[in-house]
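Below: the structure, in structure tokens.
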Amino acid sequence: MTLEPTSIMPLDDVRVIDLTHRTAGPFGTRILGDYGADVIKIERPETGDPTRSMPPFYKDEPGLERSGLFMFLNTNKRSMTLDLKSERGREIVKELVKGAQIVVESFSPGTMDAIGLGYEDLKKINPKLVMTSVSNYGQDGPYRDYIGIELNLYAMGGSMTSSGDVDNEPLKTAGRMVSYHAGYAAALASALGLFQVEFRDADGDYMDVSIFETAMHSIDMRLGRLMGYQYTGHIGTRPGRAVAVGGGVHPCSDGFFLMTGGPRFIPNIIRMIGMEELLEQPEWGTAEGRANPDRIDEFLAHIIPWTLERTKEEVRAACEEFAVLGGPLNTIEDLVNNPQFVARNYFQEIDHPTTGPIKYPGYHNRMHREGVDFPKRRRPPLLGEHTDEVLSEIGLSADAIAALRKDGVV
Amino acid sequence: MAADNSGVNSLGSPNPGNPTQPDPSLPLAGLRIIDFTVVFAGPYGTMQLADWGAEVIRVESTTHFASTTRGMLARPALATVQAQTGMGMGMPDSEPGERPWNRSAVFNAHGRNKLGMTVNLRTEEGQEALERLVAVSDGLVENNLPQSMERQGITWERLSKINPKLIMIRMPAFGLDGPYKGYRTWGNHMEAISGHPLIRTYSDLSPEYAPAGVPSDAASGIGSALAFLMGKRYLKRTGKGLLIEAPTAENFVPLLGEFIMDYSMNGRVWTQMGNNHFYLAPHNVYRTQGEDQWVTIACWNEEQWQALCERMRRPELADDPRFCDNESRFKNKAELDAIIGEWVADKHASWVLDQLQIVGVPSGAVINERDAIEDRHLEHRGFFKRMTHPEAGTHKTPMTPFKSMNNPGVGPRRHSPRLGEDNEYVYKQVLGYSDEEYAEFDKKGHIGMDFDPSIP
């Protein structure tokens with residue numbers, strides 16, 4: 001597939017005013033940018049988005065243009081600085097909102113209203129505007145002002161209770177997954193709002209995205225487990241090492257391998273390890289026999305000597321051949337060099353003045369248009385890189401911009 | 001062909017006979033989606049579309065049982081059902097009932113607002129019904145092994161000829177091409193390949209204890225619904241339908257973004273972090289009073305740390321050289337965790353949470369299913385609504401994962417479709433078959449509310 005940057009992208013005529021910071025909101029606006037939207041990221045003068053000061057840093061040296069976290073979250077965006085505490089700063093936001101379809105923000109609930117940039121204020125300026133707020137617990141309710149970090153929100157979001165080993169403490173997910181998931185939901189919410197405006201001739205809409213609720217809804221099939229509890233009265237505990245006969249994380253010669261067992265898959269596992277004779281025995285030849293949890297250790301004693309003699313990639317290839325569900329416990333290094341991701345050119349090299357070209361996670365989804373692929377992403381912006389450009393687009397003269405800069409508004 | 005074959009259902013009003021009764025004012029009312037999704041990632045995506053008003057038609061077959069979508073087995077024994085409580089696989093009162101496939105908790109959670117039809121696509125007339133459905137639909141979503149779809153004739157080349165305005169969303173695990181195209185996995189295996197469990201597992205135990213949760217399905221579910229809306233907008237601007245590939249793995253890997261960046265920038269490979277933060281301390285989960293009750297506590301600045309010391313009635317810790325700044329705390333986090341752990345051990349998690357929130361310390365209780373169902377914040381926010389399923393009873397089920405001011409009260413309208421529940425509506429009103437033709441489909445075994453007796 002060839003690259004054709006001029007081809008139409010779904011959102012390349014949409015402007016997003018991005019008042020989000022840290023992790024959840026920027027993840028969402030990044031996806032709108034991936035689909036072609038012009039995302040104008042508004043940052044605090046001098047220091048910018050707090051993620052600019054958060055590791056990992058290039059060569060482990062801190063600096064506003066060195067954070068890998070910021071860079072990853074802010075591709076395909078333009079950056080302008082603006083002091084929202086100043087009256088003129090807020091007027092500029094209102095001016096920008098006139099030409100925008102979507103505003104996404106992630107301040108503490110009530111902040112936007114307090115500074116005169118709430119939905120009620122902005123819809124007076126632009127009745128077709130879609131505004132999406134991303135917050136920890138939503139815009140109202142008893143926990144509205146609770147303070148929390150990813151770890152706390154994952155715990156409250158419900159999945160942590162069944163994450164980890166039964167005899168040990170509950171475990172969080174890696175990194176900031178729950179926040180990112182809420183950001184993804186914010187992208188969907190914004191698109192849904194835009195859809196109403198454009199396809200149903202509706203007025204704009206206000207979308208309230210809560211990290212807590214998106215986690216409680218979806219992370220780790222939470223809504224299925226909430227139903228399961230009501231069906232059975234059973235609270236989801238953490239599983240033991242093997243949740244079903246044949247399943248669990250098995251050691252290999254060079255690492256570990258996750259395998260799914262249970263009555264349906266055991267026959268395939270038995271064929272894979274070359275012990276077909278077991279299937280003649282009633283305890284392994286029938287679904288009921290294979291479901292007996294008392295026989296977990298007995299079956300592991302058949303599998304583990306087999307996996308120990310093989311690399312995790314050899315086990316994976318065998319699983320594919322014998323239709324056994326499983327996957328190696330890869331490192332990030334394994335992932336970046338994985339033949340599947342390499343064959344699909346998944347990781348994208350993006351050039352940046354600090355780092356030179358380095359690999360970023362690729363697009364979530366791919367549009368299949370004949371002879372056309374997604375255009376390459378634009379690199380993450382330097383702090384305030386597009387301030388003058390954006391201000392001149394809304395009609396400010398070079399002198400007016402200089403005055404704003406002198407007064408610390410931008 | 002009796003049905004309208006203009007190719008787009010064109011956002012008219014929903015069909016009057018639709019048994020899920022979407023409100024015509026819902027954002028996606030009048031759109032029709034063909035749903036070939038299984039297990040969770042795909043169904044979670046089409047659930048978003050159905051909730052917001054699209055007519056989503058699940059296409060199933062009485063002769064094929066997709067394991068784990070409607071339970072692990074079509075006809076599990078009582079003992080098997082009683083043993084399967086985890087992962088949302090439970091059934092009401094832990095009994096299989098007459099039709100166990102209509103009683104799976106996870107299916108009954110995400111299938112709401114969707115229609116259910118059955119058809120055998122391995123027959124000529126089944127394929128003709130599929131073609132009719134494609135002609136009158138706006139979208140198709142599937143998340144199967146690519147080859148299995150292709151074997152059933154579900155390919156972009158064929159379907160886009162029938163309906164050039166179709167938006168087709170395919171959600172393979174790893175992609176429609178590449179060496180893993182035929183590699184069948186679930187979300188947890190895909191996550192393992194993507195590096196997740198090895199990063200998140202315990203720092204002090206063998207990776208054999210690695211957890212196997214599945215955040216990935218949710219991300220690609222949301223991503224697929226977004227992809228459909230993007231496809232519709234592309235169609236509006238270009239007049240062309242679109243195939244969008246939304247691989248689960250490629251939707252999940254960005255959730256590990258900072259780990260990939262650290263590897264790209266510094267060659268660093270993070271493993272076995274457990275509940276450790278990259279650099280903050282305290283940042284952990286602590287056992288409280290009660291059975292399997294825990295609370296999480298973290299501090300990201302000195303103010304929070306000092307407030308925590310005050311609240312623990314240990315103000316001297318704030319000046320203790322072991323804990324006086326984040327760097328020292330991070331270095332001495334084992335000692336720090338022991339002190340905090342001791343403070344919470346004889347207290348209730350909810351009490352600790354309340355107390356710490358009052359003084360502004362980041363905290364969260366580890367909430368289980370019972371806590372969630374009774375949670376006062378979720379109650380205030382109207383997170384749950386009661387929904388009745390004819391073969392499973394009445395239960396609380398979540399509304400949508402985010403709220404729209406224009407559309408208050410969007411959420412469950414009808415129970416998850418029982419196998420084949422809406423055949424008559426789909427065949428006759430959507431596909432335009434006559435009573436006689438429908439009887440013929442029935443005679444040939446396409447129509448039914450039971451899986452074939454040969455399926456275990």
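The values are calculated or read from the model by the stated rules, or taken from the named source; none is laboratory data. None of these values were measured; they are calculated from a predicted model. With ideal geometry, Cβ positions are generated from the backbone for all residues, glycine too; neighbour counts draw on all protein chains shown.
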Query - Conditions (1) more than 13 Å from chain A (Cβ to nearest Cβ); (2) of a type in the set (Val, Ile, Thr); (3) buried (at least 24 other Cβ atoms within 10 Å of the Cβ): number failed by B:Val136 - result: (3)
Requested in this report: Specify the residue that is farthest from A:Ser190 (Cα to Cα); the eligible residues are those in the range B:394-408 that are assigned to a loop (DSSP other than H, G, I, E, B) and either in contact with an Asp or Glu (Cβ under 9 Å, 6 or more places away or on another chain) or within 9 Å of chain A (Cβ to nearest Cβ) (or both).
Outcome: B:Met399
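Considering each of B:Lys236, B:Lys240 in turn, give the residue that is surrounded by fewer than 24 Cβ atoms within 10 Å (Cβ to Cβ), part of a loop (DSSP other than H, G, I, E, B) and either facing chain A (nearest Cβ under 7 Å) or more than 27 Å from the chain's Cα centre (by Cα) (or both).
On the way: B:Lys236 fails: part of a loop (DSSP other than H, G, I, E, B).
Just a single option satisfies the conditions, and that option is B:Lys240.
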Report task. Could you list all residues from the range A:134-161 that are of a type in the set (A, V, I, L, M, F, W, C), in contact with a helix residue (DSSP H, G or I) (Cβ under 8 Å, 6 or more places away or on another chain) and in a loop (DSSP other than H, G, I, E, B)? Result -> A:Ile147
Query raised in the report: Which one is farthest from B:Phe36 (Cα to Cα), of the residues in the range B:164-201 that are more than 7 Å from chain A (Cβ to nearest Cβ) and in a helix (DSSP H, G or I)?
Result: B:Glu191
Requested in this report: Output the number of the condition that B:Ser206 fails; it satisfies all remaining conditions of (1) of a type in the set (Gly, Ala, Ser); (2) in contact with a helix residue (DSSP H, G or I) (Cβ under 6 Å, 6 or more places away or on another chain); (3) surrounded by fewer than 24 Cβ atoms within 10 Å (Cβ to Cβ).
Outcome: (2)
Query - Enumerated helices (runs of 4 or more DSSP H) restricted to the range A:221-311, each holding at least 2 residues that are among the hydroxyl-bearing types (Ser, Thr, Tyr) - result: A:222-232
Query raised in the report: Which of the residues belonging to the range A:316-352 are more than 19 Å from B:Lys181 (Cβ to Cβ) and of a type in the set (A, V, I, L, M)?
Result: A:Leu329, A:Ile332, A:Val336, A:Ile350
Requested in this report: Check A:Val39 against each of (1) within 14 Å of chain B (Cβ to nearest Cβ); (2) in contact with a Lys or Arg (Cβ under 9 Å, 6 or more places away or on another chain); (3) buried (at least 24 other Cβ atoms within 10 Å of the Cβ); (4) not acidic (Asp, Glu) and name the one condition it does not meet.
Outcome: (1)
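Only one residue in B:Gly90, B:Gly97 is free of Cβ contacts under 8 Å to residues at least 60 places away in the same chain and assigned to a loop (DSSP other than H, G, I, E, B). Which one? Break it down into steps so the answer makes sense when it comes.
Numbers: B:Gly97 fails: free of Cβ contacts under 8 Å to residues at least 60 places away in the same chain.
That would be B:Gly90, the only listed residue that is free of Cβ contacts under 8 Å to residues at least 60 places away in the same chain and assigned to a loop (DSSP other than H, G, I, E, B).
Which residue, of A:Lys85, A:Lys94, is assigned to a loop (DSSP other than H, G, I, E, B) and either over 27 Å from A:Ile125 (Cα atoms) or at pLDDT 95 or above (or both)? I'd like the intermediate steps shown before the answer.
On the way: A:Lys94 fails: assigned to a loop (DSSP other than H, G, I, E, B).
Answer to the check: A:Lys85.
Got a sec? Which of B:Val56, B:Val106, B:Val119 is within 14 Å of another protein chain (Cβ to nearest Cβ), touching a helix residue (DSSP H, G or I) at 6+ places or on another chain (Cβ under 6 Å) and surrounded by 24 or more Cβ atoms within 10 Å (Cβ to Cβ)?
B:Val106 is the lone residue from the list that is within 14 Å of another protein chain (Cβ to nearest Cβ), touching a helix residue (DSSP H, G or I) at 6+ places or on another chain (Cβ under 6 Å) and surrounded by 24 or more Cβ atoms within 10 Å (Cβ to Cβ).
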Requested in this report: Give just the number: which of (1) part of a strand (DSSP E or B); (2) touching a residue at least 12 places away in the same chain (Cβ under 8 Å) does B:Arg386 not satisfy?
Outcome: (2)
Query raised in the report: Residues of the range B:373-393 being within 8 Å of another protein chain (Cβ to nearest Cβ) and under 24 Å from B:Val295 (Cβ atoms), which ones?
Result: B:Ile373, B:Arg376, B:His377, B:Leu378, B:His380, B:Arg381, B:Phe383
Query raised in the report: Checking B:Met72 against (1) touching a residue at least 40 places away in the same chain (Cβ under 8 Å); (2) in the same structural domain as B:Gly411 (by TED's automatic domain parsing); (3) not basic (Lys, Arg), which single condition isn't satisfied?
Result: (1)
Query raised in the report: If A:Asp205 satisfies every condition in (1) at pLDDT 95 or above; (2) more than 7 Å from chain B (Cβ to nearest Cβ); (3) more than 26 Å from A:Gly236 (Cα to Cα) but one, which is the exception?
Result: (2)
Query raised in the report: Somewhere in the range A:358-373, is a residue over 21 Å from the mean Cα position of the chain (by Cα), surrounded by fewer than 19 Cβ atoms within 10 Å (Cβ to Cβ), in a strand (DSSP E or B) and among the hydrophobic types (A, V, I, L, M, F, W, C)?
Result: yes
Query raised in the report: Quick one: which of A:Gly116, A:Gly89, A:Gly48, A:Gly99 is in the same structural domain as A:Arg379 (by TED's automatic domain parsing), at positive phi and over 25 Å from the mean Cα position of the chain (by Cα)?
Result: A:Gly116
Query raised in the report: Across the range B:202-216, what is the total count of residues that are out of contact with any strand residue (DSSP E or B) (no Cβ under 8 Å at 6 or more places or on another chain), within 7 Å of another protein chain (Cβ to nearest Cβ) and in contact (Cβ under 8 Å) with a residue 40 or more places away in the chain?
Result: 3
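What do you reckon, is A:Val342 in the same structural domain as A:Lys98 (by TED's automatic domain parsing) and β-branched (Val, Ile, Thr)? Working first, answer last.
Values: in the same structural domain as A:Lys98 (by TED's automatic domain parsing): no; β-branched (Val, Ile, Thr): yes.
Spelling it out, it is not the case that A:Val342 is in the same structural domain as A:Lys98 (by TED's automatic domain parsing) and β-branched (Val, Ile, Thr).
In this structure, does B:Thr46 turn out to be assigned by TED's automatic domain parsing to the domain that holds B:Thr400, of a type in the set (S, T, N, Q), buried (at least 22 other Cβ atoms within 10 Å of the Cβ) and in contact (Cβ under 8 Å) with a residue 60 or more places away in the chain?
Details: assigned by TED's automatic domain parsing to the domain that holds B:Thr400: yes; of a type in the set (S, T, N, Q): yes; buried (at least 22 other Cβ atoms within 10 Å of the Cβ): yes; in contact (Cβ under 8 Å) with a residue 60 or more places away in the chain: yes.
When the stated conditions are applied, B:Thr46 passes them.
What's the total number of residues in the range A:123-141 that are within 24 Å of A:Thr23 (Cβ to Cβ) and aliphatic (A, V, I, L, M)?
To start, the set of residues in the range A:123-141 that are within 24 Å of A:Thr23 (Cβ to Cβ) comprises A:130-141.
Filter once more, keeping what is aliphatic (A, V, I, L, M): A:130-131, A:134.
Of the residues in the range A:123-141, 3 are within 24 Å of A:Thr23 (Cβ to Cβ) and aliphatic (A, V, I, L, M).
Within 14 Å of chain A (Cβ to nearest Cβ), over 35 Å from the mean Cα position of the chain (by Cα) and modelled with pLDDT of 95 or more: is that true of B:Arg370 in this structure? Please lay out each step first, then the result.
Working: within 14 Å of chain A (Cβ to nearest Cβ): yes; over 35 Å from the mean Cα position of the chain (by Cα): no; modelled with pLDDT of 95 or more: yes.
Spelling it out, it is not the case that B:Arg370 is within 14 Å of chain A (Cβ to nearest Cβ), over 35 Å from the mean Cα position of the chain (by Cα) and modelled with pLDDT of 95 or more.
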Query raised in the report: Would you pick out the residues in the range A:47-82 that are part of a helix (DSSP H, G or I), surrounded by fewer than 24 Cβ atoms within 10 Å (Cβ to Cβ) and free of Cβ contacts under 8 Å to residues at least 40 places away in the same chain?
Result: A:Pro50, A:Thr51, A:Ser53, A:Lys59, A:Asp60
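From A:Gly236, A:Gly246, A:Gly224, grab the single residue that is more than 15 Å from the chain's Cα centre (by Cα) and more than 7 Å from chain B (Cβ to nearest Cβ). Show your work before the answer.
Working: A:Gly236 fails: more than 7 Å from chain B (Cβ to nearest Cβ); A:Gly224 fails: more than 7 Å from chain B (Cβ to nearest Cβ).
Unique residue meeting the criteria: A:Gly246.
Report yes if B:Glu335 is more than 28 Å from the chain's Cα centre (by Cα) and surrounded by fewer than 16 Cβ atoms within 10 Å (Cβ to Cβ), otherwise no. Please lay out each step first, then the result.
Working: more than 28 Å from the chain's Cα centre (by Cα): yes; surrounded by fewer than 16 Cβ atoms within 10 Å (Cβ to Cβ): yes.
Yes, satisfied.
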Query - Subset of the range A:137-166 that is touching a residue at least 40 places away in the same chain (Cβ under 8 Å) and touching a strand residue (DSSP E or B) at 6+ places or on another chain (Cβ under 7 Å) - its residue that is nearest to the other protein chains (Cβ to nearest Cβ) - result: A:Met156
